[in-house]
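One structure coming up, written as structure tokens, with questions to follow.
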Amino acid sequence: MIDVIIWDCDGCLIDSEHLSAQAEAECLREVGLEIDAQGVIDRFTGMMGRDLFVVLEKELGRDVSGHPAFGQLYERVFEIFERELQPVTGIHEALAALDPVPMAVASGASHRHLKFGLSHTGLYDRFEGRIVSAQDVPRGKPAPDVFLRAAEIMNVDPARCLVIEDSPRGMQGAHAAGMKSFGFTGATHGGARLHKQLEAENPALIFDDMSQLPGLFTKFIQ
């Protein structure tokens with residue numbers, strides 16, 4: 001039985017991964033890592049900032065956490081969001097159809113990022129008070145911490161939660177928390193490549209059209 005749906009934000013609620021990756025790739029190139037937006041998506045989707053800096057220090061041989069480029073990252077991301085950010089196609093209708101089911105958000109992003117992105121797409125009010133950021137827990141994805149915290153907030157057994165995720169790292173965290181998962185590949189950054197990556201994590205199913213979710217959920221819990 002599933003009592004609660006827990007959503008990843010970027011790439012599941014808001015169509016943002018490809019936009020954030022543009023700004024993040026610019027910053028990473030400025031500190032000396034040769035990478036493009038697709039490389040950011042493949043390597044760092046779902047990773048919290050402090051974990052990213054550990055990876056960069058190993059690869060570059062120096063601590064770059066204080067580099068000015070990262071101080072400008074939020075502004076670069078939000079500038080792109082202001083121009084181009086959209087909700088995932090069909091998400092408002094899917095949420096309305098699923099409305100009787102309690103829901104929360106569990107994300108590797110900061111609260112600042114989450115509030116901006118969800119507010120800009122008209123989704124913040126639906127989840128306010130039930131949004132968990134990696135800032136709230138000791139470890140980001142793929143650790144289970146954000147998911148376990150979301151279950152705690154919702155006062156539900158983790159085994160009775162279903163997670164909607166678009167990244168292998170997030171799916172690993174959901175499974176480590178003892179939760180079931182659906183993989184979503186229908187955002188702009190999705191496709192066959194992402195489908196294959198998610199398939200390797202053994203979700204209950206993978207879908208690419210948000211309008212399918214209410215029917216898939218109903219069938220899953222029967």
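Filter the range 1-53 for residues that are part of a strand (DSSP E or B) and among the β-branched types (Val, Ile, Thr); which is nearest to Ala187 (Cα to Cα)?
Checked the range 1-53; the qualifying residue nearest to Ala187 (Cα to Cα) is Ile14.
Within the range 17-49, can you find the residues that are among the charged types (D, E, K, R) and either on the phi > 0 side of the Ramachandran plot or over 16 Å from the mean Cα position of the chain (by Cα) (or both)?
Hits for the range 17-49 are Glu26, Arg29, Glu30, Glu34, Asp36.
For the range 205-218, state whether one or more residues are touching a His at 6+ places or on another chain (Cβ under 7 Å) and not in a strand (DSSP E or B).
Checked the range 205-218: no residue is touching a His at 6+ places or on another chain (Cβ under 7 Å) and not in a strand (DSSP E or B).
Yes or no, residue by residue, for (1) touching a residue at least 60 places away in the same chain (Cβ under 8 Å); (2) in contact with a Phe, Trp or Tyr (Cβ under 9 Å, 6 or more places away or on another chain); (3) of a type outside the set (Gly, Ala, Ser); (4) surrounded by 19 or more Cβ atoms within 10 Å (Cβ to Cβ):
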position: His67; (1), (2), (3), (4): no, no, yes, no
position: Arg76; (1), (2), (3), (4): no, no, yes, no
position: Gln86; (1), (2), (3), (4): yes, no, yes, no
position: Gly108; (1), (2), (3), (4): yes, no, no, yes
position: Gly129; (1), (2), (3), (4): no, no, no, no
position: Asp136; (1), (2), (3), (4): no, no, yes, no
position: Asp145; (1), (2), (3), (4): no, no, yes, yes
position: Val156; (1), (2), (3), (4): yes, no, yes, no
position: Ala159; (1), (2), (3), (4): no, no, no, no
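What about Ala174, is it part of a loop (DSSP other than H, G, I, E, B), in contact (Cβ under 8 Å) with a residue 60 or more places away in the chain, touching a helix residue (DSSP H, G or I) at 6+ places or on another chain (Cβ under 8 Å) and of a type in the set (Gly, Ala, Ser)?
Taking the combined requirement at face value, the residue does not satisfy it.
Here's a follow-up. Go through the range 94-128 and report how many residues are part of a helix (DSSP H, G or I), more than 16 Å from the chain's Cα centre (by Cα) and at pLDDT below 95.
The total comes to 0.
Exactly one of (1) part of a loop (DSSP other than H, G, I, E, B); (2) within 22 Å of Gly49 (Cα to Cα) is unmet by Val156. Its number?
(2)
Could you identify the single residue in Gly190, Gly140 that is touching a strand residue (DSSP E or B) at 6+ places or on another chain (Cβ under 8 Å), assigned to a loop (DSSP other than H, G, I, E, B) and either surrounded by 21 or more Cβ atoms within 10 Å (Cβ to Cβ) or modelled with pLDDT under 95 (or both)?
Gly190
Moving to a separate point now. Do we have Asp63 as surrounded by 13 or more Cβ atoms within 10 Å (Cβ to Cβ) and not hydrophobic (A, V, I, L, M, F, W, C) here?
So Asp63 does not fit the description; no.
Something else now. Suppose we filter Gln135, Gln172 for residues that are touching a Pro at 6+ places or on another chain (Cβ under 9 Å), under 21 Å from Arg43 (Cα atoms) and either among the polar types (S, T, N, Q) or not assigned by TED's automatic domain parsing to the domain that holds Gln197 (or both); which single one remains?
Gln172
Going by the conditions given, is Ile91 closer than 19 Å to Leu114 by Cβ, surrounded by 15 or more Cβ atoms within 10 Å (Cβ to Cβ) and at pLDDT 90 or above?
So Ile91 passes the test.
Just give me the residues in the range 88-132 being more than 23 Å from Ile41 (Cα to Cα) and basic (Lys, Arg), in sequence order.
Arg126, Arg130
Look at Arg83 and say whether it is basic (Lys, Arg) and modelled with pLDDT under 90.
Here the answer is no, as Arg83 does not meet what is asked.
Considering only residues that are among the β-branched types (Val, Ile, Thr) and either part of a loop (DSSP other than H, G, I, E, B) or more than 21 Å from Phe116 (Cα to Cα) (or both), which ones fall in the range 159-171?
Selection gives Val163 alone.
The values are calculated or read from the model by the stated rules, or taken from the named source; none is laboratory data. Bear in mind that the values here come from a model prediction, so they are computed numbers and not experimental data. Note: ideal-geometry Cβ built from the backbone for every residue, glycine included; neighbour counts use all protein chains shown.
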